[in-house]
1. Which residues, taken from the stretch 353-369, are farther than 21 Å from residue 280 by Cβ and assigned to a helix (DSSP H, G or I)?
2. Answer yes if at least one residue in the stretch 187-197 is under 22 Å from residue 11 (Cβ atoms), of a type in the set (S, T, N, Q) and crowded, with 16+ Cβ neighbours inside 10 Å, and no otherwise.
3. Condition test on residue 383, is it modelled with pLDDT of 90 or more, surrounded by fewer than 16 Cβ atoms within 10 Å (Cβ to Cβ) and within 30 Å of residue 163 (Cα to Cα)?
4. Checking residue 295 against (1) within 30 Å of the chain's Cα centre (by Cα); (2) over 17 Å from residue 367 (Cβ atoms), which test does it fail?
5. Within the stretch 367-385, is even one residue aromatic (Phe, Trp, Tyr) and out of contact with any strand residue (DSSP E or B) (no Cβ under 8 Å at 6 or more places or on another chain)?
6. Quick check on my filter: what residues within the stretch 209-226 are within 19 Å of the chain's Cα centre (by Cα) and either in a loop (DSSP other than H, G, I, E, B) or buried (at least 20 other Cβ atoms within 10 Å of the Cβ) (or both)?
7. Scan the stretch 361-380 residue by residue and report those that are under 19 Å from the mean Cα position of the chain (by Cα), crowded, with 18+ Cβ neighbours inside 10 Å and among the small types (Gly, Ala, Ser).
Amino acid sequence: MDDQKNTLVWSPKQAYAIANCNGRANIWQGAVRSGKTFSSILAYCMKIATWDGPGVHVITGRNKDSIFRNFFTPIISTPELAWLAKAINYRQGAPTAKILGKPVSIVGANDQSAETKIRGATVALAYADEVTVLPDSFFRMLLSRLSLDGSQLLGTTNPDSPYHWLKTDYLDRLDELHDWRNFNSTLDDNPALSEEYKESLKAEYTGLWYKRFILGQWVAAEGAVYDMWNPTEHVIPWENIPPIRQTLAVGMDYGTTNPTDAVMLALGVDDRLYAVDEWRATKTQGNLTDAQTSEQFRNWLYQTRHLPDRHYNRDKYADRPRHIIVDPAAGSFKVQLYEDGLRNIRNADNNVAYGIKLVGSLLSEGKLKISNRCKWLLKEFPSYVWDPKATEQGQDKPIKANDHALDALRYALVTTETLWRRATK
């Protein structure tokens, strides 16, 4: 884009995609920041502007927060789209929006039950953000609801596993699916990116994520999950933790026969995230009751200084977390915590694939640091590996072993993303 003229500048691939997204399903795929989201959003809004038939319009994604971030924020924050932003009425988290005067349903789809949200609907125009993170049952239901003449789906995705259902069931069969359109793009296809920015972006990703998010390749997850993990870069001495803007949360992974772990997450004034401290329940003999686990946890939470002493000079409650985020399956334990006086309890967002991508991205970008007091995290990061059997089924799943602290950290990061995302950009 040319900021001086305040006009849109399209790459040939962006212009081609907008002019040729005339299939029943139209998929923009490729590297991050390659221009696919921008051109697909414009194409969708143009189609809404000219649609004069029946049916409902839908925008879907992993949840309403990600939809706001990936669909509405680019429109609001781009000066060249000020004219379009004026024609959109949407409040973050709301179930409906108005685009060019027409109602659009905003539908989060983060698990297999999400397909019930659109069952029975007659969909005119659908926009799917990050298709590969949607449940396959929801996507198939969405396709089945495109039952009007001229109904269309426009979707975006970064590459995933070569065995992912989107790849095997659809993209690998484009020669059979004559009403599908597929548009590929790379970093070099986005005219808005400077060479300096592209080089910086390439440096932020390694291994699997580099191949998928930079090269745009559909490659399998093999070996270490966090192959970018480097203790020299990612571990910080506890006493060197910088001033903290906010202690966001304690994430908890609950276990009956397995360990119960907690990780405290904070946002620094340097706009980095810090795992500042860690706790693991101590068993003397046999399994702990919920009451015993709660007592141990609360003793750690309230009777331990989780930050170096200087942090308390201005705020004696500097390490009090805004949220206690607990494994969603730990129903009885959450009740126990509530009975013991904790009121800031939240269910964890347990989207494993998304959480792993998020942790990996933060590590690669240098935006997540682990304090050396988090001894279990330091043990688990290098030993966390992909499950080869799951890979064969098109799923990115780690082997479930020695991952309790990592799960606790993931819960804290994903569930509080709306609190820290803007600061870390």
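1. 353, 354, 356, 357, 358, 360, 361, 362, 363, 364
2. For the stretch 187-197, residues under 22 Å from residue 11 (Cβ atoms), of a type in the set (S, T, N, Q) and crowded, with 16+ Cβ neighbours inside 10 Å: present.
3. yes
4. Against the list (1) within 30 Å of the chain's Cα centre (by Cα); (2) over 17 Å from residue 367 (Cβ atoms), residue 295 comes up short only on (1).
5. Within the stretch 367-385 (the criterion being aromatic (Phe, Trp, Tyr) and out of contact with any strand residue (DSSP E or B) (no Cβ under 8 Å at 6 or more places or on another chain)), the answer is no, since none of the residues qualifies.
6. Scanning the stretch 209-226 gives 209, 212, 213, 214, 216, 218, 221, 225, 226.
7. 364
Results for (1) among the hydrophobic types (A, V, I, L, M, F, W, C); (2) out of contact with any Ser or Thr (no Cβ under 8 Å at 6 or more places or on another chain); (3) crowded, with 17+ Cβ neighbours inside 10 Å; (4) at pLDDT below 95, shown as yes or no for each residue.
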{"residue": "131", "(1), (2), (3), (4)": "yes, no, yes, no"}
{"residue": "142", "(1), (2), (3), (4)": "yes, no, yes, no"}
{"residue": "167", "(1), (2), (3), (4)": "no, no, yes, no"}
{"residue": "171", "(1), (2), (3), (4)": "yes, yes, yes, no"}
{"residue": "207", "(1), (2), (3), (4)": "no, yes, yes, yes"}
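The values are calculated or read from the model by the stated rules, or taken from the named source; none is laboratory data. Source: prediction; values computed, not measured. Glycine gets a Cβ as well: all are built from the backbone with ideal geometry, and neighbour counts include every protein chain shown.
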